[in-house]
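A quick write-up on the structure given underneath.
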């Protein structure tokens, strides 16, 4: 190994239909040569889960025990970095992976972020397998296959991956499409407020996860049946109008999410079911319910609800609790709009 480049010996083979390079190298060298492409929720770049120091430190302690072992680390050599790496098949059965410099991080960590995260100072030999020239999209697909059932992996992060991998997301998964648009639209109260499972931008006060909002929107779509007459984009406009009305009427609660159930799972689920019910009762199914119409229907009663953790919704949890919370809110709505009777 020269000062300016790294030469690793291994074998070339086939992993299903993909060509891979398999070898062994010291942990500290693999750390120097590789990087984790963690999702930046502000820009949308990257796709990996956020780093867990505890997970990584646990592996470091295990690795230094007698009798420890691990499955191969998984990397990818991305085609856009092809000027920095070269794979050559040798005549003696061994192949060579040459990397331009030991300071160049060209190995994308597909499945090894937490195993490598805390061992950059260890000279322990580790097995590794690297895919040759997978695109970022292909790399994400393999990451999802490997980690879809992994303990501790955010379901919201997998949802975010799905949105990037599906070309026709609006038609195939409208609830995810609408949830993501709520997190991205400039007019949305939820803009950048959903936890996607990646690195969070400092200063943001997260309110709910992408998976929570996706499930809540699914309730709205099922209750309203809005997609029978409208496009996913029109359904999004209606959901956006609803949340703009809610945050306008409940401004104090919205600004203090930690102290109120408004943006917790039970609140989001119950409110989306409420929005669906209001839309289903719209006499003009050919038009969407506007923000003004939502405000008119909500303002007589919703500000009287105690959304704190000690209020009327205290103790409601899970699917059953969310449905009971919706029932409570819907009854208040009906009572507020019933005509008052006067004694003769």
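The values are calculated or read from the model by the stated rules, or taken from the named source; none is laboratory data. Remember, it's a predicted structure, so these values are computed and weren't measured experimentally. Cβ coordinates were reconstructed from backbone atoms using ideal geometry, including for glycine residues, and neighbour counts include every protein chain displayed.
Only one of the numbered conditions (1) at pLDDT 90 or above; (2) part of a loop (DSSP other than H, G, I, E, B); (3) closer than 25 Å to residue 323 by Cα is violated by residue 230, and that is (3). The requirement of being in the same structural domain as residue 140 (by TED's automatic domain parsing), surrounded by 13 or more Cβ atoms within 10 Å (Cβ to Cβ) and within 30 Å of residue 191 (Cα to Cα) is satisfied by residue 40.
The condition of being in contact with a helix residue (DSSP H, G or I) (Cβ under 6 Å, 6 or more places away or on another chain), at pLDDT 85 or above and at negative phi holds for only one of 69, 36, that being 36. Does residue 66 count as without any contact (Cβ under 8 Å) to a residue 12 or more places away in the chain and farther than 30 Å from residue 196 by Cβ? It is true that residue 66 is without any contact (Cβ under 8 Å) to a residue 12 or more places away in the chain and farther than 30 Å from residue 196 by Cβ. Does at least one position in segment 75-96 carry a residue that is over 30 Å from the mean Cα position of the chain (by Cα), at pLDDT 95 or above, buried (at least 16 other Cβ atoms within 10 Å of the Cβ) and farther than 16 Å from residue 20 by Cα? There is no residue in segment 75-96 that is over 30 Å from the mean Cα position of the chain (by Cα), at pLDDT 95 or above, buried (at least 16 other Cβ atoms within 10 Å of the Cβ) and farther than 16 Å from residue 20 by Cα.
Kindly indicate whether any position in segment 10-22 is touching a helix residue (DSSP H, G or I) at 6+ places or on another chain (Cβ under 7 Å), in contact (Cβ under 8 Å) with a residue 24 or more places away in the chain and not assigned by TED's automatic domain parsing to the domain that holds residue 195. There is no residue in segment 10-22 that is touching a helix residue (DSSP H, G or I) at 6+ places or on another chain (Cβ under 7 Å), in contact (Cβ under 8 Å) with a residue 24 or more places away in the chain and not assigned by TED's automatic domain parsing to the domain that holds residue 195. A single member of 191, 211, 206 is closer than 29 Å to residue 281 by Cα, part of a loop (DSSP other than H, G, I, E, B) and modelled with pLDDT under 90, and it is 191.
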